[in-house]
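The values are calculated or read from the model by the stated rules, or taken from the named source; none is laboratory data. Owing to the predicted nature of the structure, the values given are computational and were not obtained by experimental measurement. Cβ: placed from backbone, ideal geometry, glycine included. Neighbour counts: every protein chain shown.
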Amino acid sequence: MVIRDVPMSPRTSLSRVLEDFGPSLLDLAYGSPELTNEVGGVVIHDPGDEVSYPSHGIVLGVAVYGVRDTGRLLYQLGEHGAAALVVRGPLERDESLAEASAASGVALIALAQGASWSQLTALLRTHLTEGDVGDAGGESLGGVPSGDLFALANAVATLLNAPITIEDHRSRILAFSGRQDEADQSRVATILARQVPDGYLRILESRGVFSELYRSDRPVLIAPATIEEGETALPRVAIAVRAGDEFLGSVWAAIGDPLTPDREQAFQDAAKLVALHLLRHRAGADAQNRLRADLVSTVLEGGMGAAGALDRLGLVHEPTVVLAMGLAGQNGDHAHVTAERQRLTSALGIHLNAVQPRSALALLGDVAYAIVPVQSDVTIGRERAVQIAANFMERAGQRAQAVIGIGSVATEPLALAASRASADRALRVLLNSPTSRRVAAIGDVYIDALLLELRDLAATHGDELLSPVARLVAYDTKHQSHLVETLRAWLDAFGDVIAASASVFVHPNTFRYRIRRVAEVAEIDLQDPSLRFALMLQLRLMPPAKPPVKEQGRSGS
């Protein structure tokens, strides 16, 4: 999973990563991190797939266990110029691993037990992009690089002589200082989860801590709180971070002794500096999102600027395919639908970063578009795109109402506009399909896409229904019968009365009677294959029928 493929800021060295994450998350086992001045990205090693390794990257060995596999991978990564390999701790001490690390030049790092790979990925992503967008090249606030929340956390920790965390307004960890091993188990759990534990939040809420924090401009002292019986805990001191009347978040310190008046004043001054950095951090993230959305939009529209925009996205020299993700059943509350769309777009971005490096994603209107690099072979490229989308939908779960349409493989920049158009066509089929299908390439639903477009054309021209179908519709309207539904079911089942009757929940004898009435009312011969094709096409062009309702003793026509 490549998090970045462009040069990092010089301050983002491997030593800096280890220093900021500390032994509570990452522990250096072997190697010399000071040899890597700039981390080039983060990638998840997948032994079953071809992975593109960024130069000087950190490789996450999610499924790497044992001395032999670890040593073999170290040598392999050395050939790709990787900076470090992270494996699940605790690590078995072995001289061969020390030799492999030294020979390959790749540092070996252990991930703490209890920390998930997704948590580490998210933390690294935040850490490596700190202050990255709109950086003025040395711009600083209060002596700390602008927007660099981890550097700021360490500065405040030094000021207070205590490990601290910077949290947003939802108690999610934005950054933390070193020395977290000096705190208690609740703090360690908070760092590992990147979120204050629910049990601890409930305790704080019951004590009225957050109410006091929202009201006060001064540090709030919080008595020790434990979740599990037998735990020990340190007191906390927290202060709100505000920009005017807006509550941006808070800073929390685990302290052994009460703050002196000087340290309390320093904490208040630090909160004002944190507010500036949070605003700068938020503005940078917004600018980055807007820039990426503009580039993706320019690429997908085609034209003279497409190649340049694709070059800035780092995708100009390889085949790509467009994925279009939309939400099915968007009839709920607008705010809820918008939040769900943004949530799924973010989740898709993380998934793409994990499985296909250098993908570009942007939410344009109601659709999230991803430009994904694939192999030049059209068939293999399409299958890869379908696999990526299907894996995401599987991980998103059945509750996610998203569907993904996949366009054609584009072998040159100007072809991406056509790939976007075909992805939109596939997406429309899925959004209008009564089936549970959630992913489709345009080649798999091409005929359905043509039928939808033919329906649009018929509606534009005001075309009339085929005469036999018109007679059935008129009869159903007058007599409250179900002849159109019967004909549709019979055609869909290729004349299998048992299957057709089951699909509309009626007895086979009742269905046989109805199909005879269809032939009589419509004045048609159902044995004529050309007529059956015309009828099927006409019914496909009609608006989708409502799902059949199970009948209670309904019979007749």
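The table for this structure:
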item	result
Test set (1) among the basic types (Lys, Arg); (2) modelled with pLDDT of 85 or more; (3) over 21 Å from Glu212 (Cα atoms) - Arg290 fails condition number	(2)
Selected residue [under 24 Å from Val355 (Cβ atoms) and not basic (Lys, Arg)] from Ala474, Ala470, Ala410, Ala421	Ala410
Tally, over the range 58-75, of residues that are in a loop (DSSP other than H, G, I, E, B) and either modelled with pLDDT under 85 or more than 22 Å from Glu99 (Cβ to Cβ) (or both)	2
Top-ranked residue in the range 290-310 [being charged (D, E, K, R) and closer than 22 Å to Ile406 by Cβ; ranked as surrounded by the most Cβ atoms within 10 Å (Cβ to Cβ)]	Arg292
Residue within the range 311-324 that is polar (S, T, N, Q), at pLDDT 80 or above and either loosely packed, with under 14 Cβ neighbours inside 10 Å or part of a helix (DSSP H, G or I) (or both) present	no
Glu50 vs. criteria surrounded by fewer than 16 Cβ atoms within 10 Å (Cβ to Cβ) and modelled with pLDDT of 85 or more	no
Which numbered condition Tyr513 fails, given (1) surrounded by fewer than 19 Cβ atoms within 10 Å (Cβ to Cβ); (2) in contact (Cβ under 8 Å) with a residue 60 or more places away in the chain	(2)
Qualifying position, being at pLDDT 85 or above and in contact with a Leu (Cβ under 9 Å, 6 or more places away or on another chain), among Ile166, Ile191, Ile203	Ile166
Every pair of residues 6+ apart whose Cβ atoms lie under 7 Å, when the first sits in the range 523-547 and is under 22 Å from Gly462 (Cβ atoms) and modelled with pLDDT of 80 or more while the second is charged (D, E, K, R) and part of a helix (DSSP H, G or I)	Leu539/Arg488
Filtered residues of the range 421-479 (kept if over 16 Å from Val518 (Cβ atoms), in a loop (DSSP other than H, G, I, E, B) and not acidic (Asp, Glu))	Asn432, Ser433, Pro434, Thr435, Ser436, Arg437, Arg438, Val445, Gly462
Only listed residue being under 29 Å from Pro434 (Cβ atoms) and touching a strand residue (DSSP E or B) at 6+ places or on another chain (Cβ under 9 Å), chosen from Val367, Val378, Val299, Val355	Val367
Flag if His80 is surrounded by 18 or more Cβ atoms within 10 Å (Cβ to Cβ) and under 30 Å from Leu348 (Cα atoms)	no
Those residues of the range 486-510 which are under 23 Å from Ala534 (Cβ atoms) and either crowded, with 19+ Cβ neighbours inside 10 Å or outside the structural domain of Met536 (by TED's automatic domain parsing) (or both), in sequence order	Thr486, Leu487, Arg488, Ala489, Trp490, Ala500, Val504
Selection from the range 53-63 of residues that are crowded, with 17+ Cβ neighbours inside 10 Å and over 19 Å from Leu18 (Cβ atoms)	Tyr53, Val62
Identity of the residue in the range 494-530, outside any helix (DSSP H, G or I) and among the aliphatic types (A, V, I, L, M), that ends up nearest to Val473 (Cα to Cα)	Ile524
Residue among Arg358, Arg425, Arg455 that is surrounded by 15 or more Cβ atoms within 10 Å (Cβ to Cβ) and either modelled with pLDDT of 85 or more or among the polar types (S, T, N, Q) (or both)	Arg425
Which numbered condition Val43 fails, given (1) at pLDDT below 75; (2) surrounded by 21 or more Cβ atoms within 10 Å (Cβ to Cβ)	(1)
Residue within the range 366-379 that is in a helix (DSSP H, G or I), small (Gly, Ala, Ser) and at pLDDT below 85 present	no
